[in-house]
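The values are calculated or read from the model by the stated rules, or taken from the named source; none is laboratory data. This one's a predicted model, so the numbers in the text were calculated from it and none came from an experiment. Cβ placement follows ideal geometry from the backbone for every residue including glycine, while neighbour counts extend to all protein chains displayed. Areas reflect the complete protein model, heavy atoms only, side chains present, ligands, DNA and RNA absent. Shrake-Rupley method; radii C 1.70, N 1.55, O 1.52, S 1.80 Å.
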Amino acid sequence: MIAPPEGSPPLTNWLIRIPEVFAPWTPEILTLLGVGQTTPLGPEYHLVPTRDPEAFRTGAAAPFIGWNLPVHHSWPCHPPKMENFIEKAAQTLWKKFGPLSPQGIYLGPLQAGAPDRYYKSLASNLRGRTLQLFPGLSGALPAEGQQPEVPTLFGVVGKEGLFAGIQSPRASNGFHPGGTKFISQSAGSTISRAGAKIAEALHYLLLHRPPLPAGAHWLELGASPGGMTWELLQRGQRVTALDRAPLDQRLDGHPGLTFSKADVAVFTPPPGTRYEALLCDMNGDARQALRQVIRLTKYLQPGSPVVFTLKTPGSDTFAGLVDAIRLTLQDAARAGLKLTALTHLTYNRQEFTCFFEVA
Ligand SMILES: C[S@@+](CC[C@H](N)C(=O)[O-])C[C@H]1O[C@@H](n2cnc3c(N)ncnc32)[C@H](O)[C@@H]1O
């Protein structure tokens, strides 16, 4: 084996989550990350040794990494076969991580969407027992109530064992283990499945900035049929929504909503209007959609967030996806939009969500 150059950072073990939608490109993603041999854990997680964990958060491969965690404790085992798994695991977590005083403990299943709920219950029971051992920590704190920059004890458990580590939610790219927050998409509770994307995006944004005040005014581009509009209105926000297609009738007459059935390209806000946030989920070419966002940013207050779905129609190769991201971000940077974060949300398909801030 060739020894690394003197002074190289140490090799450490990390857990990364590559969303299932990118599974066909896992080899390309791992190559871009510069990691060698990895151990797959379930359909989405990989145990990877690396000297450069920053590559999980910045750089060309980062948008494909939904969540990351340094593995400070691993117990490869088959939990149902281990006597007193919960008690033994909880005692070890307390001994290892108690002195580090994490702000909270969040444990989840390695396979979040598995129909078998065994590991979801196991993670929840293990969390309950571990919390009892950490004085002063309560299970009552909602995950999004954590301080984004303060270390948390995160862990995932599955048929491959228990993997845990301590890192801030912001560095891990999520408040929840795996980054996921489950949002109901059942018919009747939402107008379109896009509703879950903005719900998750708003939770995610708390990693980077405080929530908008009640009554904040959003400009929404490409709103039909209105799943996202509905979610914003439910949260007490005001929305000016635009689309060539109509909104769902359930939104008719909503007091916080103004709707224009028009092409975004011909829309000009009424004189004097200043929006406090912009949301764009327009389909079609991402750079064309971004052009409209850029044109309309002059009607936003400085510091306003822009939530932009970066769609990738026609990009059916990994290089095509990487290019679509690079070129769109280049356009945004040239127009003075500051990138706060770029991620793949659980409810995204083959698309990404960019979070910008208006200068
Ligand atoms: C993915 S859908 C939006 C779904 C929506 N966010 C929701 O929550 O239900 C994309 C929408 O963008 C609209 N769209 C695309 N280009 C547009 C344009 N230039 N002007 C107006 N609407 C546009 C389409 O009509 C379509 O309804």
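Some notes on this structure:
- The residue list T343, T317 contains one member that is within 25 Å of W25 (Cβ to Cβ) and open to solvent by less than 10 Å² (accessible area, probe 1.4 Å), which is T343.
- Residue pairs whose Cβ atoms lie under 7 Å apart, separated by 6 or more positions or on different chains, with the first residue in segment 227-238 and closer than 15 Å to F259 by Cα and the second within 8 Å of the ligand (Cβ to nearest atom) and acidic (D, E), are M228/E220; M228/D281; T229/E220.
- Of all the criteria given as (1) open to solvent by 40 Å² or more (accessible area, probe 1.4 Å); (2) touching a residue at least 24 places away in the same chain (Cβ under 8 Å), the one not satisfied by S304 is (1).
- Wholly within segment 38-126, strands (runs of 3 or more DSSP E) carrying at least 2 residues that are among the aliphatic types (A, V, I, L, M): 45-50, 105-109
- Residues being more than 12 Å from the ligand (Cβ to nearest atom), farther than 23 Å from A286 by Cα and not in a loop (DSSP other than H, G, I, E, B) - total across segment 197-234: 3
- Among the residues listed as P70, P80, P63, P43, the single one being farther than 22 Å from P151 by Cα, touching a residue at least 12 places away in the same chain (Cβ under 8 Å), in contact with a helix residue (DSSP H, G or I) (Cβ under 8 Å, 6 or more places away or on another chain) and open to solvent by less than 40 Å² (accessible area, probe 1.4 Å): P63
- Which listed residue, of F356, F352, is away from the ligand (no atom under 16 Å from the Cβ), under 22 Å from the mean Cα position of the chain (by Cα) and outside any loop (DSSP other than H, G, I, E, B): F356
- Test for L153: is it in contact with a helix residue (DSSP H, G or I) (Cβ under 9 Å, 6 or more places away or on another chain) and either within 16 Å of the ligand (Cβ to nearest atom) or not assigned by TED's automatic domain parsing to the domain that holds K81 (or both): no
- Of the strands (runs of 3 or more DSSP E) entirely within segment 235-298, those holding at least 1 residues that are among the charged types (D, E, K, R) and open to solvent by 80 Å² or more (accessible area, probe 1.4 Å) occupy 238-243, 257-261.
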